[in-house]
1. Please list, or write none, the lysines whose alpha carbon is within less than 19 Å of the alpha carbon of LYS155, excluding same-chain residues fewer than 8 places away.
2. Applying a 10 Å radius around every beta-carbon, put 96-103, 107-114 in order of their mean neighbour count, most first.
3. Report the label-to-label distance for ILE58 and ILE213 in nanometres (one decimal), using points 7 Å from each Cα along the Cα→Cβ vector.
4. Which lysines, if any, have their Cα less than 27 Å from the Cα of LYS255, not counting same-chain residues under 8 positions apart?
5. So, in Å, what gap is there between the alpha-carbon centers of segment 86-138 and segment 33-78?
6. For q = 0.11, 0.13, 0.22 Å⁻¹, what log10 I(q)/I(0) does segment 20-149 give under the Debye formula with an equal point scatterer on each alpha carbon and no solvent?
7. Identify all lysines with a Cα-Cα distance to LYS88 below 16 Å; exclude those on the same chain that are fewer than 8 residues away in sequence.
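Read-outs: derived from the displayed coordinates by stated rules, not from any lab. It should be emphasised that the depicted structure is a prediction, and the values quoted were computed from it without experimental measurement. Cβ sites come from the backbone with ideal geometry, for glycine too, and all protein chains shown count toward neighbours.
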Amino acid sequence: MLQNSLSRTETIDEDIIFLNYKLVNEGVEALNNLFAGIIIDFDIGEYLNNFINTDKDINLIYQFNGDIYAGIKLLNTDYSNTNLIGIKSVIDRFSEDVKYNYLSGNSNDLVTNVKDDWSCLLSIGSSNLLSQDTLDLNFALVVGTSLEDLKSNAKKAQDYFDDNLVAVYDLENELDDIEVFPNPSSGEFTILSNTVDLSGCQINLFDITGKMINTYNNIKDVDQLSIQSDLESGIYLLNIVNSDINFTCKLIIDK
């Protein structure tokens, strides 16, 4: 599982944190009936005096105590089955069977207008994740000084995600698709990508100190490129760059 976290320093966005999770099935078998989510125990003020509630229309679950509100919002719009779950005294409850029941929505303690030690769980599923496939989940953590303020920040988070972050995460997925093999190699290696057009890219080779060793330009319209080098044994950095991407990975030469 890979995680990216992002917050913005502008005053209008200081009450929002973006979380991106990539679940990668590196096994050879498919993962069927998969549920995935995030759980947070906000413990606002006196933890036993927290209330919990949801807004299913905007995929938001939140806790509040007095005039402090905190919640989790799902930003993905391509998941039809979303579970907004309240859990009491979460620290005592998480055997594997119990965890699965909460994630799948089969268990839910949520009761509105009741003070308790609540935790918020937001999950999606079920999904089938094939071998080498990736499940991409995006959440926003939002706070506010009223329910109206909380929902306003949730809307700001969704708008910013739709306008700015979807393209960023899509590009990251494309960069994940770039393969360099064999690695280690004896000096000849291949760069392959099914999604990134290598034409127009500049490929740079650096030694481990950052000194440039070689540059490859004028690459034709290809998605696979083989390079023969006379590098000595050692560890190098391979950099692929154009106006849209900047990809770097470690290359090991073993002769």
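1. LYS56, LYS73
2. Working: 96-103: 15.0, 107-114: 13.5.
Packing order, densest peptide first, comes out as 96-103, 107-114.
3. Inter-label distance under the simple model: 5.3 nm.
4. Correct list for LYS255: LYS211.
5. Segment 86-138 and segment 33-78 have Cα centres separated by 12 Å.
6. -0.40, -0.55, -1.31
7. Reachable lysines: LYS99, LYS115.
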